[in-house]
């Protein structure tokens, strides 16, 4: 790949989260000549990173650019936030509400940094997407300009500068375009859109379906089954998204089918790995304990079950994953149950849609 970068104004960027994805995006942004701070809750990680420019917990063999500094374990101060042009949130969804609540007093709406979120999940207790969490903690005006990035983007390949493309969405088109400009490089293309709800749902749901395809592989099923399963997962997540109120077209995007295909077809995916090891007979608690990083599909499955029940939408694959993870359902019997369902219309969207989005729009003071 070409080593020259696309010239954009240099930004001061704070990346909240030093896991695989936060670290690889910090690396990408630092290599794009931005000034980057990466926050971690681990004092040892902060110390080691600043001494060696390597992350001791993930991407251990990679040397990061000199213009990246680690900070923490305390949350960034008001002075640090004030000096930032961009806040990039790369923390698990279950931690977003707490983090935003703590940071809200430091956010000046008159001089608000660009807020970008790359987490993929649904909050279990509230069934909220991140957009709604932002509205709850920071208010509708901040939520309406928040930006979301999602797509087929494994961390190890990003740091090797392999060609990667993502979807960038916000309710504010200028903010989506700004986020795209911050990230866009010859090795990292960005495509903007206006459906953050669909982007969020696609990013969260594909993790659940990656567990399903991992189970299939672990049980020894091959190419026919994989192709069938990924296609039916796409149909199911599109149906759920349309019932929620997202655009069905969003699920044909990089954040939709692109990320679904990647996550469902590679052992690099943590969620696929969880499913694969379940298919091989391991217990979920043992898998989670030894995984070494978060597999958001495990928690998202629990939240998605509540969403599916609320929407009244048919989602047999997601329901089957829930049964395997949380009800101890037998894997072979679950497969037989799915394959024994009666013939169905292949492509089908709900006649009525949009209940959750309508509530969210009311919360954002939008019609």
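Read-outs throughout are calculated quantities, based only on the coordinates presented, and are distinct from any laboratory measurement. Since the model is a prediction, treat every value here as computed from it, not as a measurement. Note that each Cβ is placed from the backbone with ideal geometry, even for glycine, and that neighbours are counted across all protein chains shown.
Numbers below:
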| read-out | value |
| --- | --- |
| Label zone at residue 366, where the point sits 7 Å out along the Cα-to-Cβ direction: the range 126-149 residues whose backbone N lies under 20 Å | 127-149 |
| Angle in degrees between helix 316-326 and the longest Cα principal axis of the chain, rounded to the nearest 10 | 80 degrees |
| Pairs of Cα atoms farther than 29 Å apart, the range 12-194, % | 15 percent |
| Among 20-26, 83-89, the order from most to least packed when residues are scored by Cβ within 10 Å on average | 20-26, 83-89 |
| On Cα atoms only, tilt of 223-244 relative to the major axis of the chain in degrees | 70 degrees |
| Global geometry of the range 198-346, whether rounded, prolate or oblate, following the gyration tensor of its Cα atoms and the 1.5 cut on a/c | rounded |
| 0 to 90° range, to nearest 10: angle between helix 173-183 axis and the chain longest Cα axis | 70 degrees |
| For the range 217-279 and the range 28-59, distance of Cα centres in Å | 32 Å |
| log₁₀ of I(q)/I(0) at q = 0.18 Å⁻¹ - the range 23-65, Debye sum with one point per alpha carbon | -0.46 |
| As computed over the chain, the Cα convex hull volume per residue (Å³) | 133 Å³ |
| Descending Cα extents along the principal axes, the range 158-252, whole Å | 46, 38, 16 |
| Residue 326-residue 338 pseudo-label distance in nm [points 7 Å out on the Cα-to-Cβ vector] | 1.8 nm |
| Two-site FRET efficiency, residue 359 against residue 61, from Cβ-Cβ distance with R₀ of 30 Å, rounded to 0.05 | 0.05 |
| Sum of -39500 (n - 2.57) over DSSP H runs of 4+, divided by residues of the chain (222 nm, nearest 500) | -14500 deg cm²/dmol |
| For the range 80-160: rounded, prolate or oblate by the Cα gyration tensor [a/c cutoff 1.5] | oblate |
| Rg ratio (alpha-carbon, reference 2.2 N^0.38 Å) - the range 193-240 | 1.28 |
